[in-house]
Amino acid sequence: MSDRNPIVDCAIVGAGIAGLVAARYLSQAGHSVAVFDKSRGLGGRVASRRIESATFDHGAQFFTRRSPEFSTFVDQLLENDVAFPWFGEAGKERYAGLPSINQIAKNLAHSLDVTRETRIEGALRDGDCWRLFNGAEVARSRSLLLTCPAPQALPLLAGVTDKLSPSFLHTLAQIEYSKCIALMALLDTPFPVSDSGFKQFDNPEPIATAADTLKKRGFERPGIILQSGPEFAERYFDSEPESITRSILEALPGSRALKIKSVSLQKWRFAKRREHEVSGSFGTDLDRMLWHAGDGYVSPKIEGAYLSGLKAARAIVSALGEKAA
Ligand SMILES: Cc1cc2nc3c(=O)[nH]c(=O)nc-3n(C[C@H](O)[C@H](O)[C@H](O)COP(=O)(O)OP(=O)(O)OC[C@H]3O[C@@H](n4cnc5c(N)ncnc54)[C@H](O)[C@@H]3O)c2cc1C
């Protein structure tokens, strides 16, 4: 793109659940949107990897539905056969994606144009306009929505920090994340972790959860996903893969019975949002037409990211309307 990029109504950084639901809402409201993500795929932490004929959800394992708005979305996923109730008592079900959790992001992204493999390196304010850069300018927009985790969003604003509202910056500075390392093992024989195929350990260190890919969807090769606790991830994040793998497997009860074919690791630097005092569904500097949304607000889950992105998008539509009036 050149420095003559047309001015769109909203530029969105991040095509995770928050960014995608916001992009969809804004588009449906008739606004022009430019969405960027640094990754090859969509969905951010709603991520899956195919290893031979097994599917590993190596970020979020499942989602719940508590709010009417997210419940409507879950109903659409169920109707489209891209989700199913995995386990849990009536009213508190945990839903999984079909054929993978990433499918729910693909479903949200349907008919949206997302520019992938484009890491936004900075945003500048130029008069009434935002300019986004990835080396060169990649977009100009009337409003800007950042949906990457706050520690990734703040550096993008380094060139305009002195022009932004202190309360917006303070809000983002309070949103912190812990790390997680996920180990995916393709197995020759099943390794049951529980009746449902999901186990949450009472002590989340070093392993917080275990998920059985075969039990989860019932039609795949056996595999197991072990997600570390935050302390383990902090300690081992920069260790050699062999050392991480050995340490996680040694901590799994009964791991000697594992018949492992291959192992793969995924490191999440910004995995689980920590508890905080931030209230509100998103952060905003309305005077600068700037928003931040995602699981930093509402709740540190898929549902929280969805609600935050949706509510930020509604606020952006309203602000764009007022500016136009
Ligand atoms: C290991 C793990 C297990 C989890 N388990 C569950 C679970 O079982 N249930 C549940 O509900 N939730 C779970 N979560 C949390 C859930 O995944 C998140 O709350 C939710 O997906 C966050 O969505 P988001 O849109 O806010 O952020 P993200 O999904 O992080 O999306 C942000 C996007 O921004 C992009 N990005 C970042 N920086 C830039 C940049 N500079 N330029 C362009 N793009 C950029 C990223 O690539 C990413 O796609 C889990 C998370 C992890 C990591």
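Worth a mention:
- Cα gyration tensor shape for segment 57-116, rounded if a/c is under 1.5, else prolate or oblate: prolate
- Taking a point 7 Å out from the Cα of Ser71 in the direction of its Cβ, none of the residues of segment 295-325 has a backbone N less than 12 Å from it.
- Projected-area mean, the chain, by convex hull of Cα positions, square nanometres: 17.3 nm²
- Simple Cβ-charge dipole of the chain, Lys/Arg +1 and Asp/Glu -1, about Cα centre, in debye nearest 20: 400 debye
- Estimated at 0.36 nm per residue, the fully extended path between Ser165 and Asp287 surpasses their Cα-Cα distance by 43.1 nm.
- Label zone at Glu52, where the point sits 7 Å out along the Cα-to-Cβ direction: segment 189-229 residues whose backbone N lies under 12 Å: 189-190, 221-224
- Nearest-0.05 FRET efficiency for Phe133 and Asp195, computed from C-beta distance (R0 51 Å): 0.50
- One Cα centroid belongs to segment 161-213, the other to segment 57-73; the line between them spans 15 Å.
- For the chain, the solvent-accessible area of protein heavy atoms averages 46 Å² per residue (probe radius 1.4 Å; ligands and nucleic acids excluded).
- A Förster radius of 25 Å combined with the Cβ-Cβ distance from Phe237 to Lys259 puts the calculated FRET efficiency at roughly 0.30.
- For a label point 7 Å along the Cα-to-beta-carbon line of Lys267, residues of segment 172-208 with backbone N under 16 Å: 178-184
- Three-way shape label, segment 178-273, alpha-carbon gyration tensor, a/c 1.5: prolate
- With semi-axes defined as the square roots of five times the eigenvalues of the C-alpha gyration tensor, the equivalent ellipsoid of segment 258-322 measures 34, 13, 10 Å, largest first.
- A Stokes-Einstein calculation at 25 °C with viscosity 0.890 mPa s, built on the Kirkwood radius of segment 93-137 over Cα pairs, returns a diffusion coefficient of 180 µm²/s.
- Expressed as a whole percent, the accessible area of the chain that falls on carbon and sulfur atoms is 48 (1.4 Å probe).
- When shorter helices are ignored and each DSSP H run of at least 4 residues is given -39500 (n - 2.57), the per-residue value for the chain at 222 nm works out to -8500 deg cm²/dmol.
- Extreme residue, positive dipole direction of the chain, given options Leu169, Phe62, Gln103 (C-beta unit charges): Gln103
- Each label was represented as a point 7 Å from its Cα along the Cα-to-Cβ direction; for Phe84 and Glu176 these points are 4.1 nm apart.
- Mean Cβ count within 10 Å, highest first, over the residues of peptides 13-26, 156-169: 13-26, 156-169
The values are calculated or read from the model by the stated rules, or taken from the named source; none is laboratory data. Worth saying up front: this structure is predicted, and the values here are computed from it rather than measured. Because the Cβ atoms are built from the backbone with ideal geometry, glycine has one as well, and the counts that use them run over all protein chains shown. Just the protein is used for accessible areas: all its heavy atoms, side chains included, with ligands, DNA and RNA removed. Shrake-Rupley method; radii C 1.70, N 1.55, O 1.52, S 1.80 Å.
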